[in-house]
Amino acid sequence: MKLVIAEKNIAAQKIAQLLADGKPKTDKVYNTQVYRFTVQGEDWVSMGLAGHILAPDFPDEVLFDKKQGWYSVTEDGEVLPADVPDGLARPPYDTKRKPFLANGINIKGWKVESLPYLTWAPIIKKPAEKEIIRVLKNLAKKADHVIIATDFDREGELIGSDALNCVREVAPDVPTSRARYSALIKGEVTAAFDNLVSLDQDLADAGESRQYIDLIWGAVLTRYLTLARFGGFGNVRSAGRVQTPTLALVVERERERMAFVPEDYWQIRGVGAAQGKPETAFKMSHATARFTDKAAAETAFSHVDGATTGTITAVSKRSRKQQPPTPFNTTSLQAAAAAEGISPARTMRIAESLYMAGFISYPRVDNTVYPRTLDIAGIVGGLSSNSPALRPVCQKVLAGPMKPTRGKTETTDHPPIHPTGQGDPETLDGGQKKLYMLIARRFLATLMGPATIENTKLSIDVSGEPFTASGDVLVDAGFREAYPYGLKRDEQLPPLAEGDAIDVSDIKLEAKQTEPPARYSQGRLVQEMEKRGLGTKSTRASIIERLYQVRYLKNDPIEPSQLGMAIVDALHEFAPRITTPEMTSELEDDMTHVAAGADTQEHVVEHSRALLAGMLDTLIAHKDDLGEAIADAVTADAKVGTCPKCGKDLVMKTSAKTRGSFIGCMGWPECDVTYPVPSGVKVSPIEGEGAVCPECGAPRIKCQPFRQKAYEVCVNPKCPTNFEPDLVVGECRVCAEAGRHGELVAHKSERSGKRFIRCTNYDECGVSYPLPARGKLEATGEVCEHCGAPVVVVQTARGPWRICVNMDCPGKEKKPARGRGARGAAKGGSAKGGTRKSAAKPGAKKTAAKKTTK
DNA sequence: GCAAGGTC
């Protein structure tokens, strides 16, 4: 039996189909799919791995004592790896050297001293995909020939080499060979299997060098940063060859913004309209788009101030074509999806699920050129029958020439990301459908003609001053019929001719300032990483996500936190190599040499270890400075405002007793100012105007609910801007039926800030209703016609909103368009609306909201 | 409690 080992299941299946005499049979070994087939009567089996099946790691004996964590203490009080194997320590760090004594000292402060040992620690490969390895070994035992058919690239060679090492453990003598194909098509694959070669160990070693260097630098620097000032569990401060330069890009942009000196300029703008037709109003501006000289701007303005008429002096029309977009690869899909509000990491998760469900092609590709073998018409036909919304445009595409656009990158391993045309999009959830439609529409757009946009430019004379107005109209939609993403709205100008008089109004002189360079969006950052050679199509999204997770980055567009800036600054000073993309490009050079046999893995890795070791003395010497910088940055990130009592910083804190968070003063215990944290929202400080509440002097904060509009409130729940005196909204029905008198009163919890209505006889009737978190309440004195509960009015940003307070009311109307969380909350109350257990219980609301917002 | 690279 011949065993074929592919990098992934789909490749194993495809290879089986392409090589088999007839149809391959799907079989299972343990729980993994394999494909059995015959080639010229001989039995073959193919299986897919799941990428790397082994992961590099330090051996357990140098992983440091498990109980002690990342360091351990010898009997002499010496802090060392739990057991230093022979030959582990290299100059200038040898085992005889005592880094320090821990007796009588707080050991925590000394942990980084063991890092030189880690720098020289040996690295082994540990099983990462145990199930796959089990299957691999099971099949290898029965095989008389093993063929490695992983992807034809450096990582593929390494994955194949790891697989061979597993095979060798159970079948040391089985002959092995390597099939190299660069596209999963008949010609390529059969040629590869007709011309088997042997595994390129140099290429695999090059890949393994990358693994080792990434692990050593990542582990040593991450532990260093984490331990320099230990911030408690869950506060890892990571560093790495790709993530740190990526973070540095964001920090650099932020620094440019901070160093930016805005320049003043002036604009004169107004509104024009065809005479007597105010409905044709259009914007116009002075022909000098930006006056840099204030006096000149004022002079020009003095001529036109209060003008009511103007004259068209020229009309010019020019049409331009917008070319259809190129096919999607991973980066361009991530960028386009990011513009639609889906982060690169989420895009990849959704794309993976669409791929697994058969809706789209393989999502990790660099290629932007459809292969000739792709059945484009078949896919369009499939889309047409499965997606009614796309049917008309599909029919148009089918009737056209269907000449696809081409991008710059052409590889043959996978086609660009495209819909398969199969599957009913109605079965997809919201995020999946949104991404699927983007991919499907993009695909159609690449088969269509350009869009034509007609630009009209009016030159206007107003009291001797030249003005212009410009309008863009899409006259021929072309590919835009399929792909409306990022399309500007038409700006239509009224039909006017030279010499026509127009009405003019609202001419204003506006003082403006030039803007600093924009922050990166997640889509832009992915593109920038690609440009600088940082990460791969498969890793960039997750690396950005990681930077958010360790709280180096925040918001979108991306801002670095104080912590992120402190990390970059510290590493830039003491380990600059890790902060720039050059480490990656030099690593690439090294790997090229190893792959070519001009250098060895041992030499390259050792050299890298030495570079890191050379930085450690300085890093360790500056541990306290760095720890302080990190601690200060973390405090600055936690700041939500300034204490009205003592002027120190108010920060987010966690109560040691209840583990709940609250806002407290850094001046504690001298100053006892605390505030509750509004629940269910992300809190951030307000800078500049509006930072301090004019009513009570407490800071105002910005609250960002999940997927809802952010709002600003005073942090003080007792502030008149938050506090509403208890409001009687009606009479309690339950009490009335029981012959008691109970009044329904609106309350606001001082602790959580939550609002609710409760009966004055709550202990007896248990009647309580949740209320919306915000908006001034008014009693109406009315009762609901459906359920008899009181009706109140809530003043919202969108105007007054009348509601029956009973969330379980049968006549419940849909709320005016607001966030989903609020709808979820309303639903949550409905479970047992108006009874003690549900409505009043804070947990109930939260769970329900979670369910619907997921 | 570490990285980055595959893929699920």
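The values are calculated or read from the model by the stated rules, or taken from the named source; none is laboratory data. Values in this document were obtained by computation on a predicted structure and should not be read as measured data. Note: ideal-geometry Cβ built from the backbone for every residue, glycine included; neighbour counts use all protein chains shown. Side chains are part of the model used for accessible areas, which takes the heavy atoms of the whole protein and leaves out ligands, DNA and RNA. Shrake-Rupley method; radii C 1.70, N 1.55, O 1.52, S 1.80 Å.
Restricting attention to the stretch A:191-204, and to residues there that are of a type in the set (A, V, I, L, M, F, W, C) and out of contact with any strand residue (DSSP E or B) (no Cβ under 8 Å at 6 or more places or on another chain), which single residue is farthest from DNA strand B (Cβ to nearest atom)? Lay out the reasoning, then the answer.
Of the residues in the stretch A:191-204, the ones of a type in the set (A, V, I, L, M, F, W, C) are A:191-193, A:196-197, A:199, A:203-204.
Of the ones still in play, those that are also out of contact with any strand residue (DSSP E or B) (no Cβ under 8 Å at 6 or more places or on another chain) are A:191, A:203-204.
Numbers: A:191: 21, A:203: 13, A:204: 13 Å.
Filtering first and then ranking leaves A:191.
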Quiz prompt | Positions within the stretch A:464-479 being touching a helix residue (DSSP H, G or I) at 6+ places or on another chain (Cβ under 8 Å) and open to solvent by 20 Å² or more (accessible area, probe 1.4 Å), in sequence order | solution = A:464, A:465, A:474
Quiz item: residue A:250: more than 13 Å from DNA strand B (Cβ to nearest atom) and under 18 Å from residue A:549 (Cα atoms), yes or no?
Solution: yes
Exercise. Test residue A:442 against the criterion of being closer than 24 Å to residue A:320 by Cβ and within 28 Å of the chain's Cα centre (by Cα), and give yes or no.
Key: yes
Practice problem: Would you check if residue A:51 is modelled with pLDDT of 95 or more, outside any strand (DSSP E or B), open to solvent by less than 40 Å² (accessible area, probe 1.4 Å) and within 13 Å of DNA strand B (Cβ to nearest atom)? | Solution: yes
Self-check item: Pairs, first on the phi > 0 side of the Ramachandran plot and touching a residue at least 60 places away in the same chain (Cβ under 8 Å) in the stretch A:471-486, second surrounded by 15 or more Cβ atoms within 10 Å (Cβ to Cβ) and hydroxyl-bearing (Ser, Thr, Tyr), C-beta under 7 Å, six or more apart
Solution: A:478/A:452
Practice problem: Quick one: count up the residues across the stretch A:5-44 that are exposed (fewer than 14 other Cβ atoms within 10 Å of the Cβ) and within 16 Å of DNA strand B (Cβ to nearest atom). | Solution: 4
Quiz item: Are there any pairs, at least 6 apart or on different chains, whose C-beta atoms fall under 6 Å, with the first in the stretch A:403-432 and on the phi > 0 side of the Ramachandran plot and the second surrounded by 15 or more Cβ atoms within 10 Å (Cβ to Cβ) and outside any strand (DSSP E or B), and if so, which?
Solution: A:421/A:379; A:421/A:382; A:421/A:383; A:423/A:359
Quiz item: Among A:520, A:552, which is open to solvent by less than 30 Å² (accessible area, probe 1.4 Å), in contact with a Pro (Cβ under 8 Å, 6 or more places away or on another chain) and closer than 30 Å to residue A:265 by Cβ?
Solution: A:520
Quiz item: Quick check: is even one residue across the stretch A:509-517 within 33 Å of the chain's Cα centre (by Cα) and either without any contact (Cβ under 8 Å) to a residue 60 or more places away in the chain or within 16 Å of DNA strand B (Cβ to nearest atom) (or both)?
Solution: no
Exercise. Name the single residue, out of those in the stretch A:787-806 being in a loop (DSSP other than H, G, I, E, B) and at pLDDT below 75, that is least open to solvent (accessible area, probe 1.4 Å).
Key: A:797
Quiz item: Residue check: is residue A:181 under 37 Å from the mean Cα position of the chain (by Cα), crowded, with 17+ Cβ neighbours inside 10 Å and in the same structural domain as residue A:604 (by TED's automatic domain parsing)?
Solution: no
Practice problem: Can you run down the residue pairs with Cβ atoms below 7 Å, 6 or more apart or on separate chains, where the first is in the stretch A:757-786 and farther than 12 Å from residue A:744 by Cβ and open to solvent by less than 90 Å² (accessible area, probe 1.4 Å) and the partner is in a strand (DSSP E or B) and among the charged types (D, E, K, R)? | Solution: A:773/A:755
Practice problem: Restrict the check to the stretch A:451-467 and report whether at least one residue is away from DNA strand B (no atom under 16 Å from the Cβ) and in a helix (DSSP H, G or I). | Solution: no
Exercise. Scan (1) buried (at least 17 other Cβ atoms within 10 Å of the Cβ); (2) free of Cβ contacts under 8 Å to residues at least 40 places away in the same chain; (3) polar (S, T, N, Q) for the single condition residue A:302 breaks and write down its number.
Key: (1)
Quiz item: What number goes with the only condition from (1) near DNA strand B (Cβ under 8 Å from one of its atoms); (2) assigned to a helix (DSSP H, G or I); (3) buried (at least 20 other Cβ atoms within 10 Å of the Cβ) that residue A:241 does not pass?
Solution: (2)
Exercise. Answer yes or no: is there a residue in the stretch A:535-543 that is open to solvent by less than 60 Å² (accessible area, probe 1.4 Å), assigned to a helix (DSSP H, G or I), away from DNA strand B (no atom under 13 Å from the Cβ) and modelled with pLDDT of 95 or more.
Key: no
Self-check item: In the stretch A:611-627, the residues that are open to solvent by less than 50 Å² (accessible area, probe 1.4 Å) and either of a type in the set (Gly, Ala, Ser) or closer than 21 Å to residue A:231 by Cβ (or both)
Solution: A:613, A:619, A:620, A:623, A:626, A:627
Exercise. Filter the helices (runs of 4 or more DSSP H) completely within the stretch A:270-362 down to those with at least 1 residues that are more than 16 Å from DNA strand B (Cβ to nearest atom).
Key: A:294-304, A:330-339
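To keep it simple, each residue is scored yes or no on (1) open to solvent by 50 Å² or more (accessible area, probe 1.4 Å); (2) under 19 Å from residue A:484 (Cβ atoms); (3) modelled with pLDDT of 95 or more.
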{"site": "A:368", "(1), (2), (3)": "no, no, yes"}
{"site": "A:383", "(1), (2), (3)": "no, yes, yes"}
{"site": "A:393", "(1), (2), (3)": "no, yes, yes"}
{"site": "A:403", "(1), (2), (3)": "yes, no, yes"}
{"site": "A:410", "(1), (2), (3)": "yes, no, no"}
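This table checks each residue for (1) among the aromatic types (Phe, Trp, Tyr); (2) within 14 Å of DNA strand B (Cβ to nearest atom); (3) touching a Ser or Thr at 6+ places or on another chain (Cβ under 8 Å).
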{"residue": "A:567", "(1), (2), (3)": "no, yes, yes"}
{"residue": "A:570", "(1), (2), (3)": "no, no, no"}
{"residue": "A:578", "(1), (2), (3)": "no, yes, yes"}
{"residue": "A:581", "(1), (2), (3)": "no, yes, no"}
{"residue": "A:588", "(1), (2), (3)": "no, yes, no"}
Practice problem: Can you tell me which residue within the stretch A:140-190, out of those that are touching a Pro at 6+ places or on another chain (Cβ under 8 Å) and more than 28 Å from residue A:539 (Cβ to Cβ), is nearest to DNA strand B (Cβ to nearest atom)? | Solution: A:146
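Within the stretch A:205-228, is even one residue under 32 Å from the mean Cα position of the chain (by Cα), away from DNA strand B (no atom under 13 Å from the Cβ) and crowded, with 16+ Cβ neighbours inside 10 Å?
Step one: of the stretch A:205-228, the residues under 32 Å from the mean Cα position of the chain (by Cα) are A:206-228.
Checking which are away from DNA strand B (no atom under 13 Å from the Cβ) leaves us with none.
No: zero hits.
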Quiz item: In the stretch A:158-178, how many residues are open to solvent by 50 Å² or more (accessible area, probe 1.4 Å) and touching a residue at least 60 places away in the same chain (Cβ under 8 Å)?
Solution: 1
Self-check item: Which numbered condition residue A:258 fails, given (1) modelled with pLDDT under 95; (2) open to solvent by 60 Å² or more (accessible area, probe 1.4 Å)
Solution: (1)
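Looking at the stretch A:316-338, can you tell me whether even one residue there is farther than 30 Å from residue A:477 by Cβ and open to solvent by 20 Å² or more (accessible area, probe 1.4 Å)?
no
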Quiz item: Does the stretch A:410-419 hold any residues that are more than 14 Å from residue A:394 (Cβ to Cβ) and in a loop (DSSP other than H, G, I, E, B), and which are they?
Solution: A:410, A:411, A:412, A:413, A:414, A:415, A:416
